[in-house]
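Notes follow once the structure below has been shown.
The values are calculated or read from the model by the stated rules, or taken from the named source; none is laboratory data. Since the model is a prediction, treat every value here as computed from it, not as a measurement. For neighbour counting, all protein chains shown are included, and Cβ atoms are generated from backbone atoms with ideal geometry for every residue, glycine included. Protein only, heavy atoms only, side chains kept; ligands, DNA and RNA dropped before computing areas. Shrake-Rupley method; radii C 1.70, N 1.55, O 1.52, S 1.80 Å.
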Amino acid sequence: MGIERFIKPNLFALGGYAARTSPDTLDGKVEVAAKDIIKLDANENPYGCSPRVNRALAAYPDFSVYPDTMQEELRKELAGYTGIGAEYIVAGSGSNQLIDLIFRLFVGQGDEVMNCAPTFDLYRFDTEMCGGKLVEVVRDSDFAVNVDKVKAAVTDRTRLIVLANPNNPTGTLTSRKDILEMLETGVPVLLDEAYYEFCGETVVPLVERYQNLMVLRTFSKWAGLAGLRIGYGVFHPQIADVLLKLKIPYNVNVAALVAVRESLKDMDYLMARVKAIIDERARLFEELGKLGFLKPFPSSANFIYCAVLKGKASDIWQKLEKKGILVRYFDRPLLRNSIRVSVGKPENTDALIKALKALEKEL
Ligand SMILES: Cc1ncc(COP(=O)(O)O)c(C=O)c1O
């Protein structure tokens, strides 16, 4: 018997969360140099962050000093961006950290978490981590949520309804009307708006009316700060206070604080790039559809989900990877034989479409 007998059995047996690997790990394994890899697998921003962030970080003098653990300046800046009071806001090292914290706050052994599946796999992971039971309300064939099914599945053990809006990996948007119906159940609703800036629809102002609404956002996608890990949530102040007490000290690092400040001073620059991504999304959607062997689904985010109509998604993924183009593939229940492609720069679309046309003959 080894060390594992000391580890909590439910955690030892837990299935992990499959995060993307860094392109550096592919150096020498693909036909191009690591620097030429086109990364369309993790919904990152192809334009990077604001150049103001790079300049401010290079000049920052105090990395040896801890950040403000209560995030006071940061919460004020985010209040300015979101239009809601700072007392509603808590930031995390990526919105992932807040997802983890919220699950720990609401979900205990045997509690039910309602998930609008298929969706972001981290919700399943955190449910299992907390010993909860995942109740999957399956989306319809166009990945729309059936709100009547959600309401019918609520029991006295339901502790959380989770909804990514737009959804990952399908890009589907759920209407405000449907969200209001979920809120009327009184169950805590975790609304993940990681891709808000690519659709412009938000329910943040509703947090003032609904204590049970929690909205998560991130700087990873629209502001190009995925590597610095900075996200935030909007909560009823009572929940915000508990989260501030529960989080680990100094959870948002100084570099992320600087990066948020500079990003918010460079909104015109960043939003012009968001607009370029939205425009490119329309072109990519059309080009993918024209290929004939993929069925792209309309997306309100910075990626497009495609059903594979001919051949195997895993083959497409592997062949593209060999050429240095990274996409995501799925082949599991509710996400059968499909790929997800992040929207890149126009030249990335061109390279992807060219590679897909070349490999079609081999499918
Ligand atoms: C729905 C959703 N929520 C949250 C995240 C994670 O965001 P962050 O980088 O802020 O942890 C992602 C990232 O892919 C996502 O798709």
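In square angstrom, what is the accessible area per residue of the chain with a 1.4 angstrom probe? Let's see the in-between values first.
Details: 16320 Å² over 363 residues.
Here the per-residue accessible area is 45 Å².
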Under the rule a/c < 1.5 gives rounded, and otherwise a/b versus b/c splits prolate from oblate, where does region 1-133 land using the Cα gyration tensor? oblate
Normalise the Cα radius of gyration of region 187-252 by 2.2 N^0.38 Å (N = residues in it) and let me know the number. 1.17
Listed by chain and number, the residues whose amide H is under 5 Å from that of K133, excluding neighbours fewer than 5 places away on the same chain and using placed H, are G110, D111, E112, V113
With no solvent and one equal point scatterer per Cα, compute the Debye intensity ratio I(q)/I(0) for the chain at 0.08, 0.10 Å⁻¹ and report its log10, rounded to two decimals. -0.41, -0.66
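Which of the GluC sites (Glu not before Pro) found in region 280-363 are loop residues per DSSP with 12 or fewer other Cβ atoms within 10 Å of their Cβ? Show your work: numbers first, answer last.
Numbers: sites: E280, E286, E287, E321, E347, E360, E362; in loops: E362.
Hits after loop and neighbour filter: E362.
Of all the stretches in the chain, which is the longest one without any exposed loop site, taking trypsin sites (Lys or Arg not before Pro) in a DSSP loop (any state but H, G, I, E, B) with at most 16 other Cβ atoms within 10 Å? List each step's numbers first, then the result.
Values: sites that count: R20, K29, R157, R209, K265, K310, K312, K361.
The segment 30-156 is the longest one with no such site.
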So for the chain, taking the charge dipole from beta-carbon charges (+1 Lys/Arg, -1 Asp/Glu), which of A59, L78, M114 sits furthest toward the positive end? M114
Any chance you could list P(r) for region 51-264, counting all Cα-Cα pairs in 10 angstrom bins from zero, rounded to whole %? 8, 35, 36, 16, 4, 0
Mind checking region 39-129 for chymotrypsin sites (Phe, Trp or Tyr not before Pro) that DSSP puts in a loop (not H, G, I, E or B) and that have at most 11 other Cβ atoms within 10 Å? F63
Points 7 angstrom from Cα along the Cβ direction at D62 and A144: gap in nanometres? 5.2 nm
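Roll a 1.4 angstrom probe over the protein heavy atoms and tell me the percent of accessible area of the chain that is carbon or sulfur.
Numbers: 8660 of 16320 Å².
Accessible surface attributable to carbon and sulfur in the chain totals 53 percent.
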Put Y195, Y250 in order of accessible area, largest first, 1.4 Å probe: what do you get? Y250, Y195
Residue-level accessible surface for L309, protein heavy atoms, 1.4 Å, Å²: 110 Å²
Which lysines, if any, have their Cα less than 18 Å from the Cα of K8, not counting same-chain residues under 8 positions apart? K133
